[in-house]
Amino acid sequence: MDRLEDEKGAKLAVLLVEDDLDVAAGIGDYLEAHGLAVDFAYDASQARARLLESTFDLLVLDVNLPGEDGMSLCRELKQVQGLRQPAIFLTARGGLADKLRGFEAGALDYMVKPFEPAELLARIRAMGTHARAADGGLILADGYRLDPQRGLLSRDELSLSLHATGLGILARLMRAFPGTVSRQALCEGLWGDEAPGSDPLRTHVYQLRRAMQERFGESPITTVRGLGYRFGGLR
């Protein structure tokens with residue numbers, strides 16, 4: 001079976017926002033059979049909730065959603081909330097004007113229904129490859145800059161050197177900004193299925209917050225009760 005995994009072996013995580021349950025199930029089954037991790041939302045409100053609960057590498061959005069269409073949702077996520085993950089639109093409308101509206105709303109790709117699932121998979125793979133290639137670049141969130149290669153967090157003229165675990169936590173939180181990353185996702189990203197005993201994540205987050213408070217005069221890691229952690233939002 002083909003697999004699409006990053007350098008740590010984690011599956012590429014896709015949020016599929018599609019109100020037709022049969023279409024969603026068919027696409028989801030195909031993508032999961034080829035090694036992707038797929039979560040589902042059936043309207044804009046559910047999509048926002050999923051993005052708060054977890055983090056995704058890529059969004060696949062149907063344009064014709066009930067209530068609020070996919071283009072308005074994508075525009076808000078990109079322009080207002082600062083979502084950095086790439087998005088692909090799915091739609092039955094294939095005119096040039098429709099495509100231009102989709103790109104203006106923030107999508108990186110546009111697929112016209114009906115389409116072959118293999119083509120969608122290929123486009124997701126292309127985006128995943130691009131995202132991995134850019135993985136060593138700077139990560140920007142809420143006025144901070146994280147350099148994963150140097151293990152350095154900066155704001156204005158101040159910098160903080162990070163140990164490997166702190167770097168891993170911050171990279172995941174800042175890539176998900178302004179969304180929330182669940183405790184489970186953070187633990188799996190750091191230790192896989194072999195997490196140390198006690199509550200190591202809580203300890204590392206505490207140490208990271210203290211170091212940031214001492215260096216920057218603030219600790220922009222927010223605990224979201226019942227969900228996990230989020231970067232920013234304290235100033």
Exercise for review: Hey, can you tell me all the residues within region 48-64 that are free of Cβ contacts under 8 Å to residues at least 60 places away in the same chain, out of contact with any helix residue (DSSP H, G or I) (no Cβ under 6 Å at 6 or more places or on another chain) and surrounded by 16 or more Cβ atoms within 10 Å (Cβ to Cβ)?
Suggested key: Arg48, Arg50, Phe56, Leu59
Exercise for review: Could you tell me whether Ser182 is under 18 Å from Arg50 (Cα atoms) and at pLDDT below 90?
Suggested key: yes
Point to revise | Subset of region 78-100 (residues that are more than 21 Å from Asp20 (Cβ to Cβ) and touching a residue at least 24 places away in the same chain (Cβ under 8 Å)) | key: Lys78, Gln79, Gln81, Gly82, Leu83, Arg84, Gln85, Pro86
**Study point:** Residues of region 14-66 that turn out to be over 22 Å from Arg172 (Cα atoms) and assigned to a loop (DSSP other than H, G, I, E, B), as a count
**Key:** 10
Check your understanding: Can you spot a residue in region 120-130 that is more than 16 Å from the chain's Cα centre (by Cα), exposed (fewer than 14 other Cβ atoms within 10 Å of the Cβ), at pLDDT 85 or above and within 28 Å of Val17 (Cβ to Cβ)?
Key -> yes
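Can you tell me which residues in region 70-82 are in contact with a strand residue (DSSP E or B) (Cβ under 9 Å, 6 or more places away or on another chain) and modelled with pLDDT of 90 or more?
Residues satisfying the conditions are Gly70, Met71, Leu73, Cys74.
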Study note, to complete from the structure: Selection from region 163-176 of residues touching a residue at least 24 places away in the same chain (Cβ under 8 Å) and touching a Gly at 6+ places or on another chain (Cβ under 6 Å) yields Arg172
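The values are calculated or read from the model by the stated rules, or taken from the named source; none is laboratory data. Source: prediction; values computed, not measured. Every residue, glycine as well, gets a Cβ built from its backbone with ideal geometry; the counts of neighbours run over all protein chains shown.
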